[in-house]
Amino acid sequence: MTMVRGMHLTPIGEGCVLLEPTDGFDPGDPDAYLIPLAGALQRMRARRLLYDLKNVPVIDSLYFAWLSSLAAMCRISGISMVVVSMRPATAYALALTMKDQPPFDCALDVNRARSLP
């Protein structure tokens, strides 16, 4: 496991890396995370980032902006991004903040995300 301030990164095989945000994570400061995270993912030779939302109770426009910035960083790095384990209330809150399709894929859980093409 690798630590980037405010998140745990765990390689789970086949180029997949699981990102779990911690209590210290601040989505309002994406610049503090994107560069260190990009470096860590490159060192891990990540091809797919699985962003675990199981401990995120709600997504507001600030958190959605963070996810969008992260998805853009992943895209230009050649890494696909999949959000996993989203609670129904979180999915509802996310739907309220979106105007277009999300810039990332979603899967019910880690196993389903790993099987995506």
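The values are calculated or read from the model by the stated rules, or taken from the named source; none is laboratory data. Since we're looking at a predicted model, the values are computed, not measured. Note that each Cβ is placed from the backbone with ideal geometry, even for glycine, and that neighbours are counted across all protein chains shown. Accessible surface areas use protein heavy atoms only, side chains included; no ligands, DNA or RNA. Shrake-Rupley method; radii C 1.70, N 1.55, O 1.52, S 1.80 Å.
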HN-Hα J in Hz across region 81-97 - Karplus 6.51, -1.76, 1.60, θ = phi - 60°, x for Gly and Pro = 10, 10, 8, 10, 6, 7, 5, x, 5, 5, 4, 5, 4, 5, 4, 5, 8
message = Run the helix sum for the chain: -39,500 (n - 2.57) per DSSP H stretch of 4+ residues, divided by residue count, reported at 222 nm to the nearest 500 deg cm²/dmol.
response = -11500 deg cm²/dmol
request  = Taking only Cα atoms and a 10 Å spring cutoff, compute GNM fluctuations for the chain and point out the largest among 73, 98, 86.
outcome  = 98
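Quick check: at a probe of 1.4 Å, how many percent of the accessible area of the chain sits on carbon and sulfur atoms? Show your work: numbers first, answer last.
Values: 3510 of 6460 Å².
In the chain, the share of accessible area belonging to carbon and sulfur is 54 percent.
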request  = Determine by what factor the alpha-carbon radius of gyration of the chain differs from 2.2 N^0.38 Å, reporting the quotient.
outcome  = 0.97
task = Could you work out the Kirkwood radius for region 1-69, taking every pair of different alpha carbons, averaging 1/r and inverting it, reported in Å?
result = 12.3 Å
query = What are the residues whose amide H is under 5 Å from the amide H of residue 54, where those residues sit 5 or more places off or on another chain and H is modelled from the backbone?
reply = none
note = For region 21-27, in residue order, the Karplus 3J(HN,Hα) values (coefficients 6.51, -1.76, 1.60; θ = phi - 60°; whole Hz; Gly and Pro = x) are x, 10, 4, x, 6, 10, x
Within region 68-99: backbone nitrogen closer than 14 Å to the residue 108 label point (7 Å, Cα to C-beta) = 84-88
query = Taking amide hydrogens as modeled 1.01 Å from N in the peptide plane, which residues meet the under 5 Å criterion relative to residue 83, leaving out close sequence neighbours?
reply = 51, 105, 106, 107
query = Using θ = phi - 60° and the Karplus curve 6.51 cos²θ - 1.76 cosθ + 1.60, what whole-Hz ³J(HN,Hα) does each residue of region 58-74 get, with Gly and Pro shown as x?
reply = 7, 10, 9, 5, 5, 5, 5, 4, 4, 4, 5, 5, 5, 4, 5, 4, 4
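Need the full-extension length gain, residue 14 to residue 77, defined as separation in residues times 0.36 nm minus the C-alpha distance. One decimal, nm. Don't skip to the end; give the middle numbers.
On the way: separation 63, 0.36 × 63 = 22.68 nm, distance 1.69 nm.
Additional length available on full extension: 21.0 nm.
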task = Hey, can you grab everything whose amide H is under 5 Å from the amide H of residue 12? Only 5+ residues off in sequence or another chain; H modelled, so Pro and N-termini drop out.
result = 17, 18
